[in-house]
Amino acid sequence: MAQCPIPFYPDNDVAHAFTNIVDNFGACPDDGESDHAAFLAAARFYNNRFGRGTLKIPAGVYIVGRQGPPTSAPGWANPNGFVSHQNVMSLFDCDDLTIHGVLNPDGTTASIIRFEDCLSYGRFTTVGGTPMVYEPDCDETMCCAPSCANPPPSGCCPPPNPLPVNQSAAVGIMFRLRGCDRLTIRDLELDGNVRSQLLGGGYSCADDGIQLAYDGIVLGNQDDAGSVNQSLRLSNLNIHHFGRDGMIILRGPEASMDLSATDCHFDYNERTGVAWTGGRGVNFENCSFNFNSTGRIRSAMGAGLVIEHEFGSQCGDGRFMRCNFQHNRVTGMATNTKAIGSDVAFDECVFKSALATFPNLFSPTSTAVWPSGPYLRFNSCNFYGPIDRGYHNPQTAQTCNSSDARSTQFNFCSFNEADETWSYFNWTPVGSNYTVPSLVHMNAASGTTFYGCHFEAGCRSRFFQVAGRPNKEGCPACSNNIVFSGCRFLSHGSWGAATAPPLSMFTGTNVTFNDAAVSWPNRVRTEGGGLLSGIWNYRMNTGWLEGFDILVTGCTNWGGDTSVVELGGSSDAAAIQFYTTRPCLPLFENPDTPREVIPCVQNEGNVPSISPVAICNRQKQNHTNGPPEVGVEASIVVSDGYLMVELPGTFTRGAARMYDSMGKVVMEYQVNSGHNAIPIHSLAEGAYVLQVNGIIEPHRFVVSR
């Protein structure tokens, strides 16, 4: 155990207090013991003097987090819950304060604040005086579960609404800031450590998650206008693996809050990397918002960044420069029509969707971005995977000024099916609108402009499915259209090596092209899936395209230069032959996910049920409907990123369930007789149990790096 000096407390009367979390407040890093009290003492010291100081956090790992019996004592939250908890550092009205760690020689953070293992998070109950994870008989994670008028086969009913508070357990917040000015936090790693917590049942009326307090940094208080923070500086922070959000901006001013985040990472959190819910004036530069909601909990929204108006002023005056929004479960960035009141610009950013088979609430596949709100500007950004949804500009003036400030703009951006390694499109997403996935899918996007953009499709996608506002008389004003100016479209034989699609490369209404160049080796297909008379390369200047039937006149000016290219030949057979030698890139999988899956013991798993697992000195509740004692024969083979399960012909159809080491269901997947590939890309490192429909004996396996 580390030997730490006896703390000595600084003079509270000095103009600027320089303190050290070890020397002055008694923290002892790297000893595996809790340092929570030291951080509480530091917060109390600076709250009493309203900031005016510098707190240094030396290199090492500091363990924090504290839960206890329900209490309303000062400093404790959730007084009526299953447990109460304490936040780590709550700072109120602190001005001119700097909190900083130290760096390793390679520039990574050497000062790590980590929530301790075995904290309770979610919904719990007590059986015979023993704390137990609350296990519903059916899907009780949503308050809007099916009514008892038509109960499912198990006969279960929906949970109470609202869910009982006394069953809730939250972990808390590392940094809670309210009413602070000129405060700096830098050079720290904040580790939520959700991988090592005891997860309870779902506790959310909105989605599949828990959504109780478990966050890295929370700014402001939703119902307190005086809690707005000003001139915050965040730099070189790594905020990851929190059970809810990496950072939440709860309250901001109509004027600029002057929030700056530089070289910060908001990755691997279970709901959202950053939730911006109010206030103007934010600047994020060289930050990442990656792999959020892809772990154990997967709460909605499942995005890297969410911009939504909830309290106080609208969001606005935001800039995201050279930021990454990659591989989040639902989307890289999401917003809505009421959230934004002034420009929010994304400059030189990269957006990549996630694995197409991630289970999503809102769309059949992950998307790169949801540009659903006004005042959005994307400049020189790269998108990989589909763009979903759009913003209908409500302007009514009959003008051809498509540069209205509220309309979405894409300037000099690229839209791609694949990068140099992966494809981000799946051939078989669910839902009629996604029968053929598109690079851009915006069925409500009047006024949107694409200027100088590049669209590149490959083996699995078409260019776009878009719709502006409908027109009743003649050609609509340009302000109702979606306009593509100076754009280039390139396909690498999208339909060459696969069945002809039911829709064309372009589908839309009220679309205007200005100087658009289209080129692909395979031949052009119309909306009905037919070939367009051998035209392979062409330029077009068109006006209104109603239903995008390009062979019908009426407000269209089809024509221009056409020329046949040599690639692919002049027939479907020649094109197919050409492209079968150029297969698609594999579908994206999380490059950070462990690739190797090792069975604990070969052919182990001949047990009648999932036994209670002792975790954190507690015992997991038995499942009400465990598997029977007798299973059927099944062949299970490990292959890169998949469990290959071969089921006998006597097996019809069922569900494969994956349990983590605490007995919580982390994945469900439909299986049939014959060959089944069960993806395990999203599983974190650890031990798991696979069970198929209650008739195949559980098989244990370990995912390791």
Residue 18 passes all but one of (1) touching a strand residue (DSSP E or B) at 6+ places or on another chain (Cβ under 7 Å); (2) assigned to a loop (DSSP other than H, G, I, E, B); (3) hydrophobic (A, V, I, L, M, F, W, C); which number fails?
-> (2)
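With 313, 299 as the choices, which residue is touching a Pro at 6+ places or on another chain (Cβ under 8 Å) and of a type outside the set (Phe, Trp, Tyr)? Give the derivation first.
On the way: 299 fails: touching a Pro at 6+ places or on another chain (Cβ under 8 Å).
Going through 313, 299 in turn, just one is touching a Pro at 6+ places or on another chain (Cβ under 8 Å) and of a type outside the set (Phe, Trp, Tyr): 313.
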Which one of these does residue 410 not meet: (1) closer than 21 Å to residue 331 by Cα; (2) modelled with pLDDT under 80?
-> (2)
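In the range 225-239, what residues are of a type outside the set (Val, Ile, Thr) and buried (at least 24 other Cβ atoms within 10 Å of the Cβ)?
We begin by selecting, within the range 225-239, every residue of a type outside the set (Val, Ile, Thr); these are 225-227, 229-238.
The answer is 229, 237.
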For the range 86-130 the number of residues that are assigned to a strand (DSSP E or B), in contact with a Phe, Trp or Tyr (Cβ under 9 Å, 6 or more places away or on another chain) and crowded, with 19+ Cβ neighbours inside 10 Å is 16
In the range 240-253, what residues are crowded, with 22+ Cβ neighbours inside 10 Å and either in contact (Cβ under 8 Å) with a residue 60 or more places away in the chain or not basic (Lys, Arg) (or both)?
-> 240, 241, 242, 243, 245, 246, 247, 248, 249, 250, 251, 252
Counting only residues that are in a loop (DSSP other than H, G, I, E, B), within 16 Å of residue 276 (Cβ to Cβ) and within 13 Å of the chain's Cα centre (by Cα), the range 303-340 contains a total of 1
Would you be able to say whether some residue in the range 66-80 is farther than 26 Å from residue 184 by Cα, in contact (Cβ under 8 Å) with a residue 60 or more places away in the chain, touching a helix residue (DSSP H, G or I) at 6+ places or on another chain (Cβ under 6 Å) and not β-branched (Val, Ile, Thr)?
-> yes
Subset of the range 255-291, residues crowded, with 20+ Cβ neighbours inside 10 Å and aliphatic (A, V, I, L, M), comes to 257, 259, 261, 274, 275, 282
Answer yes if at least one residue in the range 292-312 is among the aromatic types (Phe, Trp, Tyr), buried (at least 18 other Cβ atoms within 10 Å of the Cβ) and either within 27 Å of residue 484 (Cβ to Cβ) or at pLDDT below 90 (or both), and no otherwise.
-> no
Positions within the range 24-64 being within 16 Å of residue 12 (Cβ to Cβ) and assigned to a loop (DSSP other than H, G, I, E, B), in sequence order | 24, 25, 49, 50
Do we have residue 220 as in contact with a Lys or Arg (Cβ under 6 Å, 6 or more places away or on another chain), more than 21 Å from residue 134 (Cβ to Cβ) and surrounded by 24 or more Cβ atoms within 10 Å (Cβ to Cβ) here?
-> yes
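Quick one: is residue 34 over 30 Å from the mean Cα position of the chain (by Cα) and either free of Cβ contacts under 8 Å to residues at least 12 places away in the same chain or surrounded by fewer than 16 Cβ atoms within 10 Å (Cβ to Cβ) (or both)? Break it down into steps so the answer makes sense when it comes.
On the way: over 30 Å from the mean Cα position of the chain (by Cα): yes; either free of Cβ contacts under 8 Å to residues at least 12 places away in the same chain or surrounded by fewer than 16 Cβ atoms within 10 Å (Cβ to Cβ) (or both): no.
So residue 34 fails the test.
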Checking residue 107 against (1) closer than 25 Å to residue 263 by Cα; (2) touching a Lys or Arg at 6+ places or on another chain (Cβ under 9 Å), which test does it fail?
-> (2)
Checking residue 515 against (1) part of a loop (DSSP other than H, G, I, E, B); (2) at pLDDT 70 or above; (3) not aliphatic (A, V, I, L, M), which single condition isn't satisfied?
-> (1)
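Residue 295 - would you say it is in a loop (DSSP other than H, G, I, E, B) and closer than 23 Å to residue 241 by Cα? Can you show your working first?
Details: in a loop (DSSP other than H, G, I, E, B): yes; closer than 23 Å to residue 241 by Cα: yes.
Criteria met by residue 295.
The values are calculated or read from the model by the stated rules, or taken from the named source; none is laboratory data. All values derive from a computational prediction rather than experimental measurement. Every residue, glycine among them, receives a Cβ derived from its backbone with ideal geometry; neighbour counts consider all protein chains shown.
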